[in-house]
1. My understanding is that a pair violates if its Cα-Cα distance is over 22 Å; which of K206/K260; K105/K346; K39/K234; K39/K82; K223/K260; K176/K297 do that in this structure?
2. Report the full-extension gain for the segment V133 to M283: residue separation times 0.36 nm, less the Cα-Cα distance, to one decimal in nm.
3. For the stretch 238-373, what's the relative contact order in percent, using C-alpha pairs closer than 8 Å and at least 6 residues apart?
4. Taking 41 Å as R0, compute the FRET efficiency from the Cβ-Cβ separation of D265 and L111 and round it to 0.05.
5. Just report the Cα centroid separation between the stretch 387-423 and the stretch 2-46, whole Å.
6. What length, rounded to one decimal in nm, is gained on full extension from S177 through to E413, with 0.36 nm per residue of separation minus their alpha-carbon distance?
7. Sorted from largest to smallest, which semi-axis lengths in Å does the alpha carbon gyration tensor of the stretch 217-337 give for its equivalent ellipsoid, taking the root of 5 times each eigenvalue?
8. Output the relative contact order of the chain, whole-number percent, from Cα pairs under 8 angstrom with separation of 6+ residues.
Amino acid sequence: METKCPVDAKCAAEISALLTPPSPLQLQEYFEEIISERKCHGIEVKQDGNLSKGVYGTMEFKEGDLIMKDKILVGIQHVPNKLDCLVCGNCFQFIESVEYQIGRKLYLQSLGVPSCNGCDEGECSSSSSNNKVRLSEGVIEALMNGELVLPYSDHFPLPSTVCCPSGCEEAYYCSKSCAETDWESSHSLLCTGERSESVSIEALSKFIQHATETNDIFLLAAKTISFIILRYRKLKAAYADRSELSLLLEAWKPISMGYKRRWWDCISFPDDVDRSDDTAFRMQIQQLAFKSLQLLKAAIFNEELFSLEIYGNIIGMFELNNLDLVVASPVEDYFLYIDDLPDPEKEKAEKIARQLLDALGDGYSICCQGTAFYPLQSCINHSCCPNAHAFKRDEDRDGQAAIVTLKPIRKGEEVTISYIDEELPFEDRQALLEDYGFKCRGRKGVNWKNI
């Protein structure tokens with residue numbers, strides 16, 4: 001039975017206004033501003049008559065050129081990954097020190113906390129494997145409190161940790177600026193600390209637990225709704241004479257630019273579910289979203305936004321437009337650096353590095369992993385023979401998306417990336433691309449529009 005949300009009927013006009021695609025002029029003005037802010041010279045976003053949009057070069061690019069670095073609009077670190085990587089909750093760069101990152105991993109490992117080295121949720125293996133060398137508590141403590149300084153670690157400096165201004169002990173930052181930015185944009189409503197602005201911390205905790213146990217995409221949706229609510233409050237304080245709907249539409253504008261479908265209509269079909277059960281499966285997903293919505297509604301209330309239709313479209317936007325958030329680990333870089341040292345220095349440094357590697361096991365190289373929505377990157381269309389790709393260079397140490405050319409791009413040519421592994425067989429490519437709402441016809445080089 002289809003789930004009915006009373007807010008969908010009560011606020012039908014407002015919901016319709018929010019989900020109406022932006023006009024070509026609105027889209028052009030928004031992306032021109034974004035491109036200017038990010039200093040992404042050499043590209044433009046263009047829209048055709050079918051509301052499809054794409055990114056095009058306004059200058060020539062050579063192979064290996066950086067086309068853009070796109071800041072995250074909203075993003076999260078995957079919950080299991082937080083056990084392996086301590087990163088800034090706003091920009092997602094690693095924080096504190098290489099020694100602290102290693103000591104923290106070993107400490108959690110000593111407690112038997114599972115490590116998630118790229119595994120699926122629920123399939124984490126225990127970090128306290130008997131095959132690993134155990135280090136003393138004293139060594140681990142010395143790594144974490146700064147008493148033990150590793151050789152050459154000064155080549156990999158990290159910013160000091162700044163705690164959440166509300167003291168929630170769940171969010172940490174690389175700077176006071178990042179802490180303030182995250183607090184003002186979303187965290188103040190999602191914080192479980194003493195200064196939290198949520199309606200009920202108890203209700204918020206229940207929502208977070210539900211999202212952690214089911215799908216952390218709900219955390220991303222909650223962060224988006226918090227972002228909109230806080231934008232709306234600022235606009236209302238500054239423009240008291242404007243109508244509430246006009247202010248809500250203005251607050252919603254960054255989200256309005258992303259292509260949306262309801263999550264239960266576009267979610268990837270699991271391999272272990274019989275496709276004949278399609279209707280039942282999608283209804284189950286809708287009910288899961290409604291449960292999450294009810295929990296979030298009890299924690300942070302805003303009537304117009306707490307519609308199942310809005311919630312489903314926000315999550316669907318992430319399903320169709322998100323990009324993996326990946327930041328390389330300085331711990332891995334450190335051990336690679338030690339391995340590349342000339343023999344005399346390497347032999348001395350390896351005396352302790354080898355012990356740490358043996359204690360860490362395969363988990364030493366785990367990078368920061370999450371998911372995020374990037375305004376410009378979401379406009380780049382797919383090709384099975386792309387001319388660009390998302391690629392982190394050595395200097396890219398935070399969560400921004402970096403798009404680099406694979407081949408020369410002419411002025412006026414569309415920039416494309418592959419949403420999937422383009423080396424897969426035709427049937428596999430076709431199946432994966434169906435999740436994005438289009439089919440691969442097998443001719444490499446054909447572009448597909450992301451509305």
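The values are calculated or read from the model by the stated rules, or taken from the named source; none is laboratory data. All figures in this text were calculated on a predicted structure; none of them were measured in a lab. So basically every Cβ, Gly included, is an ideal-geometry build from the backbone, and we count neighbours across all protein chains shown. Just so you know, the surface numbers come from the protein's heavy atoms only, side chains and all, with ligands and any DNA or RNA stripped out. Shrake-Rupley method; radii C 1.70, N 1.55, O 1.52, S 1.80 Å.
1. Numbers: K206/K260 27 Å; K105/K346 24 Å; K39/K234 26 Å; K39/K82 31 Å; K223/K260 17 Å; K176/K297 30 Å.
Result: K206/K260; K105/K346; K39/K234; K39/K82; K176/K297 exceed 22 Å.
2. Working: separation 150, 0.36 × 150 = 54.00 nm, distance 4.83 nm.
Full extension of this stretch gives 49.2 nm more.
3. Values: 100 pairs, mean separation 39.5, N = 136.
Over the stretch 238-373, the number comes to 29 percent.
4. Values: r = 42 Å, r/R0 = 1.03.
With a Förster radius of 41 Å, E is 0.45.
5. When both Cα centres are located, 24 Å separates them.
6. Details: separation 236, 0.36 × 236 = 84.96 nm, distance 3.81 nm.
Taking 0.36 nm per residue and subtracting the Cα distance, the gain is 81.1 nm.
7. Working: eigenvalues 177, 124, 33 Å².
Its equivalent ellipsoid spans semi-axes of 30, 25, 13 Å.
8. On the way: 763 pairs, mean separation 116.8, N = 451.
Once divided by the residue count of the chain, the mean separation gives 26 percent.
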